[in-house]
Amino acid sequence: MNDKILNYLGLATSAGKTVNGEEKTLEAVKSNKARLVFLAKDAGNSTTKRMNDKCQTYQVTIIDKYTNAELSQATGTFNRVTLAITDKGFAKAIKELT
């Protein structure tokens, strides 16, 4: 894994600063706990629309340039389509790299 953003995502996951899954990610966005959202570029149309709409409404940055497989590998889990970074420091570091 050469991508620094994915490396930071892996570190944030190890530190327990991420929320995984569509419903939990949406809940984090609505409660203003999500600082940054990752959405797999190969996610389904309804998931993509829901995430984009909520993130736009709550003004949360969304990164959608990685595939499901890349996000899954970075987090060490299976089938990661959406996840949110809840830590301000990790989110700032990742945003600076985009």
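Values in this text are rule-based calculations from the coordinates and carry no lab data. Keep in mind the model is a prediction, meaning the values are calculated, not measured. Backbone-built Cβ (ideal geometry, glycine too); neighbour counts: all protein chains shown.
A simple count of charges around A40, restricted to other residues whose Cβ falls under 11 Å of its Cβ and scoring Lys, Arg +1 and Asp, Glu -1, yields -1. Taking a ≥ b ≥ c as the square roots of the eigenvalues of the alpha-carbon gyration tensor, region 45-94 is classed oblate because a/c is 1.5 or more while a/b is no larger than b/c. Of all DSSP beta bridges confined to the chain, the antiparallel ones make up roughly 70%. Backbone geometry of region 54-59 corresponds, through the Karplus equation with coefficients 6.51, -1.76 and 1.60 at θ = phi - 60°, to 3J(HN,Hα) couplings of 5, 5, 5, 4, 9, 6 Hz, x marking Gly and Pro. Take each peptide in 9-19, 43-53, count the other Cβ atoms within 10 Å of every residue, and average; sorted highest first, the result is 9-19, 43-53. The stretch between T67 and K88 holds 5.2 nm of extra length on full extension. This uses 0.36 nm per residue minus the Cα-Cα distance.
Only helical runs count toward this figure. For the chain, summing -39,500 (n - 2.57) over DSSP H runs of n ≥ 4 and dividing by all residues gives -15500 deg cm²/dmol at 222 nm. Given the options G44, L83, A69, identify the residue whose Cα lies farthest towards the positive end of the charge dipole of region 4-97 (+1 on Cβ of Lys, Arg; -1 on Cβ of Asp, Glu). In region 4-97, that residue is L83. Between the C-alpha center of region 76-93 and that of region 9-30 there is a gap of 5 Å.
Proximity of backbone amide H atoms, modeled 1.01 Å from N, is registered between T86 and T18, V19, R35 at under 5 Å, excluding neighbours fewer than 5 places apart on the same chain. Working ranking of peptides 32-42, 87-97 by packing, defined as the average number of other Cβ atoms within 10 Å per residue, highest first, is 32-42, 87-97.
Strictly over 22 Å apart at the Cα level, which of K4/K95; K4/K30; K17/K95 would you flag in this model? The answer is K4/K30.
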